[in-house]
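This report refers to the structure that appears directly beneath it.
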Amino acid sequence: MTNIPVVKLGLIAVSRDCFPIRLSEMRRMNIKKAYEGELYECPVTVENELDMLRAVDDVKEKGCNALVVFLGNFGPETPETLIAEKFDGPCMFVAAAEGDGDLINGRGDAFCGMLNCSYNLGMRHLKGYIPEYPVGTAEDIAGMIEDFIPVARAVLGVKGLKIITFGPRPQDFFACNAPIKGLYELGIEIEENSELDLLVSYREHKDDPRIEDVCKDMADELGMEGNNYPELLPRMAQFELTLLDWIENHKGARKYVALADKCWPAFPKEFGFEPCFVNSRLATRGIPVACEVDIYGALSEYIGACISNDAVTLLDINNSVPKSMWESEIKDRFPYSLTDTFMGFHCGNTPSCKMCSDRAVKFQLIQHRLLEPEGSEPDFTRGTLEGDIAPGEITFFRLQCDSEGNLRSYIAEGEVLPVRTTSFGGIGVFAISEMGRFYRHVLIEKRYPHHGAVAFGHHGKFLFEVFKFLGVKDISYNQPKALPYPTENPWA
């Protein structure tokens, strides 16, 4: 994953000057011992503003890009919160539990101090990450630090992200026509380009000497069974190099890039193939490419890649599972009703590492119907990576800007079932508890588009924390039956 931040954590202890400083320092050292990962222990204990400046300079010099601010005792409200202002990265605030000393000279009152820390962060309009229960022993806080890593990774990624798009967002395809205002509010840069710009760059890469090596890598990935069009590989390799070079030449001041491109109707005719397989290969490296110039789809995918530190995909919440399939393959094997299930599909952009072993490069059936004469053999609509998505745990989610310019999101954990789809494209049978109610009272009610990002594994806990840290007020999830949605008819 070459496009994902590496979190370098620093630990700063703070101490209120009327409490024993040794409490904070001893408790800080205990955290360092308890945490098994890489954690830089700042030697400066912050009691005042000058200490704060020295501590921040120290962690910056050591290359830290995220901080744990530890209230080893009550803590000094002003200096501790100013750390979040002076340090250019996410800061987690946690506090020490009692129990490692007597309750006279060994009592730190950090439980109390955490309240004032939160209050002061709010007064100064500063962002600090505060865990669900932010008070604990050294071992407890080591666990909190472990949970902070994927959150910090996603926040750093968003902060350093540029989304590069190619082509106008399609007409009559409003999944992609979302205001970009929300991107700027998150600090994300966007570069929108013409498909013609991309075509010119693609032609300039003709006979690129690197094409042969990329073709070999593609052939190795597909294997003998999956490489249906070996003559197509040079063109797809040329396109992959075009995108990678574009990223390097256009990322500018940003560290990370996500892409959103358009595969229809002009692309296949002019380029001679569909971009799906190439898109899937970039996603494997941590460079998600959203279809239909879906900029919030690309952003969602990138956040998922940062949190999971793994490949992700973008799928349509596409079609219902036939009742006959549910009865024969699901009903007596899995605890899901028919309305808990659906098929997640896209034409062929899911990374091969997340698909069943029989995946292969094929032609895009829908585009073939639309663009090539009836009865003709597929030519320029080839290039999708098709097959069933591998069974396992997933998280379906999206961060979206609505028509009023407000950021909102949803998260739902579930699984891909080991059931053959008997269909085309990159597709899987998905199951999410109470999906039917979630579909009606979140996805439809709140007017989400049909595209959703998929992270492989259950990552809802971390996605929720990231969205909350980014300031998203509306975070929906698939609520159990005992918790009705506001718009749900209680007499239904």
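The numbers here are math on the coordinates, done by the rules we state, and not lab data. Please read all numbers here as calculations on a predicted model, not as lab measurements. All Cβ positions, even for glycine, are placed from backbone atoms using ideal geometry, and neighbour counts span all protein chains on display.
Figures for the structure shown
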item	result
Lys, Arg +1 and Asp, Glu -1 on Cβ, resulting dipole of the chain about Cα centre, debye, nearest 20	680 debye
FRET efficiency, 1/(1 + (r/R0)^6) with R0 56 Å, evaluated for E377 and M29 via beta carbons	0.20
Cα-projected label distance for T339 with D208, points at 7 Å along beta-carbon direction, nm	5.0 nm
Inter-label distance for L126 and D100, nm, one decimal - labels placed 7 Å from Cα along Cα-to-Cβ	2.3 nm
Cα-derived Rg over Rh, computed across the range 343-492 with Rh taken as Kirkwood radius	1.04
Linear extension gain, S423 paired with N228, 0.36 nm per residue minus alpha-carbon span	68.4 nm
Cα gyration tensor, the range 289-379 - rounded (a/c under 1.5), prolate or oblate	oblate
Point-charge dipole on Cβ atoms (K/R +1, D/E -1) for the range 406-492, about Cα centre, debye to 20	140 debye
Virtual paramagnetic centre 7 Å along Cα→Cβ of R254, amide N under 16 Å, in the range 279-305	283, 286-291, 293-305
Calculated FRET efficiency for the pair H450/S357, C-beta based, R₀ 30 Å, to 0.05	0.60
Listed residues V289, I141, L483: farthest to the positive end of the dipole of the chain (Cβ charges)	L483
Set of the range 59-87 residues, backbone N closer than 17 Å to the point 7 Å along the Cα-Cβ line of D17	73-82
Inter-centroid distance (Cα atoms) of the range 423-442 relative to the range 250-289, Å	26 Å
Three semi-axes of the equivalent ellipsoid, the chain, Cα gyration tensor, whole Å, largest first	45, 27, 20
Prolate/oblate/rounded label for the range 181-287 (Cα gyration tensor, a/c 1.5)	prolate
Residue order, fewest to most beta carbons within 10 Å, for S324, S118, S24	S324, S118, S24
Likely footprinting exposure, L9, L371, fewest C-beta neighbours within 10 Å first	L371, L9
The chain - share of DSSP beta bridges that are antiparallel (%, nearest 5)	50 percent
Prolate/oblate/rounded label for the range 9-159 (Cα gyration tensor, a/c 1.5)	rounded
Relative exposure of M325, M435, M29, judged by other C-beta atoms within 10 Å (fewest first)	M29, M325, M435
Two-site label geometry, S328 and Y133: point separation in nm, points 7 Å out along Cα→Cβ	5.0 nm
Candidate lysines - alpha carbon under 29 Å from K323, same-chain residues fewer than 8 apart omitted	K331, K354, K362, K446, K481
222 nm mean residue ellipticity, helices alone, for the chain (DSSP H n ≥ 4; -39,500 (n - 2.57); rounded to 500)	-10500 deg cm²/dmol
Listed residues C18, S201, V321: farthest to the positive end of the dipole of the chain (Cβ charges)	C18
Leading residue at positive end of dipole, the range 161-477 (Cβ point charges), from V312, C276, L244	V312
Centroid-to-centroid separation of the range 371-408 and the range 290-360 [C-alpha atoms, Å]	9 Å
